[in-house]
Each structure stands twice: as structure tokens, then as C-alpha cells.
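Right, one structure below, let's go through it.
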């Protein structure tokens with residue numbers, strides 16, 4: 001394959017997922033070191049989540065975490081992935097994101113969602129059925145605060161604003177790029193369409209309810225955008241998927257076999273209550289999920305083919321987010337990201353277009369190069385002999 005028709009952006013979705021039983025401070029430090037590694041490898045962005053329960057996902061404030069990451073990196077964009085809007089007063093969210101936008105000189109993306117865990121909502125006394133409407137109401141207010149300095153008064157049953165103004169305007173105009181989460185329900189796509197913002201699709205192949213129809217999901221965003229008079233762009237649609245790469249398919253699966261099964265059975269099913277979409281047994285989980293197309297575990301070539309399938313099944317999107325996980329030993333994880341950056345990403349970013357074109361020109365001309373090189377050397381030899389002969393006569 002040459003340069004891809006659609007140029008993709010590549011990033012990482014860092015929930016994070018840390019199996020309980022290890023030092024949490026060191027786990028957070030590994031997360032920061034991973035972002036530094038991604039920055040050096042040329043990844044475009046990283047999105048960091050907000051969670052308050054389960055014992056696996058331990059970053060409670062993505063804004064604080066990203067502020068630290070910003071001081072350790074140079075280029076990578078830093079996104080909240082995501083702020084759970086029903087947990088916060090919208091003015092506070094708008095203020096914190098705007099402050100980060102300035103402190104990073106515009107390297108911030110704002111991802112928002114209704115809340116990652118029902119156990120979070122239960123601790124806060126929130127009705128799970130109200131989370132999505134609350135998120136939508138809060139996001140509309142945040143966008144209004146960021147785009148219009150006119151004092152805003154707003155009252156509802158869970159927050160109030162009286163002549164509210166963001167005294168610090170966003171560094172990026174009109175505001176940092178915004179994206180909402182989408183999984184199996186249509187709510188995220190519908191909200192993205194209504195407000196004209198981006199989408200983070202966190203389930204892209206097969207969920208507990210069956211295969212995800214990406215084209216139909218995007219159609220919801222387009223329909224809602226048309227109804228609201230807004231615009232949604234595929235370039236602002238990112239697909240998130242677990243990936244682990246190695247030099248061989250068997251090596252990749254063996255490295256991640258234990259950790260992947262622990263994630264799916266001990267965490268996703270055992271803690272969040274999402275039934276496993278494959279039957280097992282435990283040692284076969286990684287093979288079954290990979291063969292179903294839900295995970296990409298294999299070689300860089302396998303990954304390229306999978307990303308091409310996503311392009312076809314979605315009808316076109318703008319980015320890939322790799323789930324950050326600790327399924328494999330640390331050195332294997334870092335090596336996987338290196339393989340992705342070195343051998344996969346350039347196939348979809350346009351980075352190889354000039355390289356491959358120049359290489360093709362050289363290959364086409366190779367047949368006559370030796371004769372031309374020999375002729376040039378012979379001409380130079382004759383010129384030298386003539387010059388030496390002339391000096392001898394004088």
C-alpha cells in the first residue's frame with residue numbers, strides 16, 4: 001500500500017487501566033512516562049480519562065494530570081478523555097479547560113462524556129437515567145460560555161448561573177476542539193451532530209450487543225447536524241481500539257495473553273458488569289477477540305490491514321486512538337508503540353508519499369545507471385589524462 005487516501009491522526013486513549021495490587025503512584029508515573037514516549041515517537045494526541053471508582057482507573061482529574069504532562073512534553077496534543085460533565089458545575093469545567101488552554105499555548109482538546117462508571121454516579125447520588133441529558137445541558141452551557149462573553153443566566157434543577165462570564169477567554173479560537181464519547185447508544189452521535197463537535201467512538205468493532213455499525217452511527221450525527229443547522233466533519237471522528245504489536249503474531253498474542261484476559265474478565269465483566277462478548281476459556285480470550293476484529297494483536301502488517309478495514313466499514317474517519325493498557329511487559333508495550341509509529345502510522349499520514357515516489361523513480365532508472373556511471377568515470381579519466389599531457393608539454 002502507498003500513501004492512504006485519507007490522512008489519519010494517531011493518538012492514545014489513556015483511561016488508564018491498572019490492575020489492582022500494584023503501587024498507584026508508580027502506575028501514574030508510568031502513565032506520564034508513556035506520554036513522553038508518545039511525544040518522542042510523533043503521536044499526535046493523547047486523551048486522559050476521569051474516574052472515581054473500581055480501583056482500575058485512578059485518575060480523578062484529567063486536567064491536573066495533563067498539566068503535569070504538558071511540562072514534560074513538547075508537541076503532543078493533550079485531551080481530556082473525558083470530563084464527566086454531570087459530576088461538575090459547567091462554569092468550573094469551562095474555567096479549568098480555558099486555563100489549561102493558555103498554560104499549554106493551545107495544546108488542549110476537550111473531550112466530554114456522561115460518566116464512565118455507574119459506581120461513580122452512585123457515590124454522587126446521581127440517577128443513571130439522567131446522566132446523558134445532564135451532559136448535554138452542561139455542554140451547551142460550556143460552549144456558550146466559551147464563545148460569547150455576554151453575561152449568561154441559566155437555572156435548572158442541578159446548577160445555576162447568574163450573569164456568568166469567563167473572564168479568561170480561550171486561547172484557541174473559538175475554543176479548544178471538543179469531542180463527545182460514543183459507544184453503543186445513539187446519544188453521543190446525536191449530541192455531536194446537534195452541537196457540531198467531534199466524536200470519540202470507544203467501541204468500534206463488536207460490543208456485548210453485537211457488531212457496531214459505524215456507518216449508521218455516523219449517519220445519526222449527520223442527520224442531527226442537518227436538523228440543527230450545524231456541521232460535523234469526519235476528520236473530527238476518532239475510533240478507539242486496543243492494539244498490541246510485535247515482530248510476529250504469535251509473539252504479540254503470547255505477550256498480552258494474561259493481561260488481556262484480566263482486562264476483559266476481571267475488569268470489564270467482573271467490575272463494570274459488561275458481559276464478555278466471547279466465550280473463552282481465559283487463555284483463548286485474546287485469540288477470540290482478535291479474530292472477531294475487536295482487538296488488534298499481531299504484526300504491523302496485521303495492524304495496517306485492520307485500519308484499512310475500519311476505513312471501509314466507517315466510510316471514513318479522521319483518527320485512530322490506541323487504548324493504553326498494561327497487558328504485556330513494559331518493554332514489550334513500549335516496543336509496540338514504536339512499531340506502530342515506525343511501520344504503521346506513516347502508511348496513513350502521507351509521510352511516505354515522497355519517499356515512495358522518489359524510490360520508484362530511482363528503481364525505474366536503475367538499469368542504465370551503471371553504464372552512465374561508468375561513462376562518467378571514463379570521461380573524467382580522459383579529462384585528467386589530457387590535462388596531465390598538456391602540463392607535460394609545457
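Just a few scattered comments:
- There is at least one residue in region 53-63 that is in contact (Cβ under 8 Å) with a residue 12 or more places away in the chain, buried (at least 23 other Cβ atoms within 10 Å of the Cβ) and in the same structural domain as residue 238 (by TED's automatic domain parsing).
- The set of residues in region 158-167 being surrounded by 10 or more Cβ atoms within 10 Å (Cβ to Cβ) and part of a loop (DSSP other than H, G, I, E, B) consists of 158, 159, 165, 166.
- Residues located in region 324-336, provided they are in a helix (DSSP H, G or I) and surrounded by fewer than 23 Cβ atoms within 10 Å (Cβ to Cβ): 330, 331, 332, 333, 334, 335
- Region 196-237: number of residues that are out of contact with any strand residue (DSSP E or B) (no Cβ under 6 Å at 6 or more places or on another chain) and at pLDDT below 95: 14
- Pairing residues of region 277-306 that are more than 20 Å from residue 333 (Cα to Cα) with residues that are assigned to a helix (DSSP H, G or I), at Cβ distances under 7 Å and at least 6 apart in sequence or on separate chains, gives 278/285; 278/288; 278/289; 282/261; 282/265.
- Residue in region 142-157 that is assigned by TED's automatic domain parsing to the domain that holds residue 57, surrounded by fewer than 21 Cβ atoms within 10 Å (Cβ to Cβ) and under 12 Å from residue 85 (Cβ atoms) present: yes
Yes or no, residue by residue, for (1) surrounded by fewer than 21 Cβ atoms within 10 Å (Cβ to Cβ); (2) outside the structural domain of residue 106 (by TED's automatic domain parsing); (3) at pLDDT below 95:
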residue: 1; (1), (2), (3): yes, yes, yes
residue: 23; (1), (2), (3): yes, no, no
residue: 30; (1), (2), (3): yes, no, no
residue: 35; (1), (2), (3): no, no, no
residue: 44; (1), (2), (3): yes, no, no
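- Here the condition is being part of a loop (DSSP other than H, G, I, E, B) and surrounded by fewer than 22 Cβ atoms within 10 Å (Cβ to Cβ); of 216, 276, it holds for 276 alone.
- Residue 67 vs. criteria part of a helix (DSSP H, G or I), modelled with pLDDT of 95 or more and surrounded by fewer than 18 Cβ atoms within 10 Å (Cβ to Cβ): yes
- Meets criteria (within 19 Å of residue 92 (Cα to Cα) and surrounded by 20 or more Cβ atoms within 10 Å (Cβ to Cβ)) for residue 112: yes
- Search result, residues across region 184-197 that are under 13 Å from residue 135 (Cβ atoms) and part of a loop (DSSP other than H, G, I, E, B): 185, 197
- When residue 316 is tested against (1) closer than 27 Å to residue 197 by Cα; (2) crowded, with 17+ Cβ neighbours inside 10 Å; (3) touching a helix residue (DSSP H, G or I) at 6+ places or on another chain (Cβ under 8 Å); (4) at pLDDT 95 or above, only condition (2) is not met.
- Verdict on residue 238 being more than 24 Å from residue 21 (Cα to Cα), assigned by TED's automatic domain parsing to the domain that holds residue 336 and surrounded by fewer than 15 Cβ atoms within 10 Å (Cβ to Cβ): no
A quick yes/no check of all residues on (1) under 18 Å from residue 49 (Cα atoms); (2) touching a residue at least 12 places away in the same chain (Cβ under 8 Å):
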| residue | (1), (2) |
| --- | --- |
| 96 | yes, yes |
| 121 | yes, yes |
| 130 | no, yes |
| 148 | no, no |
| 155 | no, no |
| 169 | no, yes |
| 173 | no, no |
| 177 | yes, yes |
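- Taking (1) under 28 Å from residue 222 (Cα atoms); (2) crowded, with 21+ Cβ neighbours inside 10 Å; (3) touching a helix residue (DSSP H, G or I) at 6+ places or on another chain (Cβ under 6 Å) in turn, residue 321 satisfies each apart from (3).
- Some residue of region 115-126 being in contact with a strand residue (DSSP E or B) (Cβ under 8 Å, 6 or more places away or on another chain) and outside any helix (DSSP H, G or I): yes
The values are calculated or read from the model by the stated rules, or taken from the named source; none is laboratory data. For clarity, every value in this text was computed on a predicted model and none was experimentally measured. Counting neighbours? That spans all protein chains shown, and the Cβs are built from the backbone with ideal geometry, glycine included.
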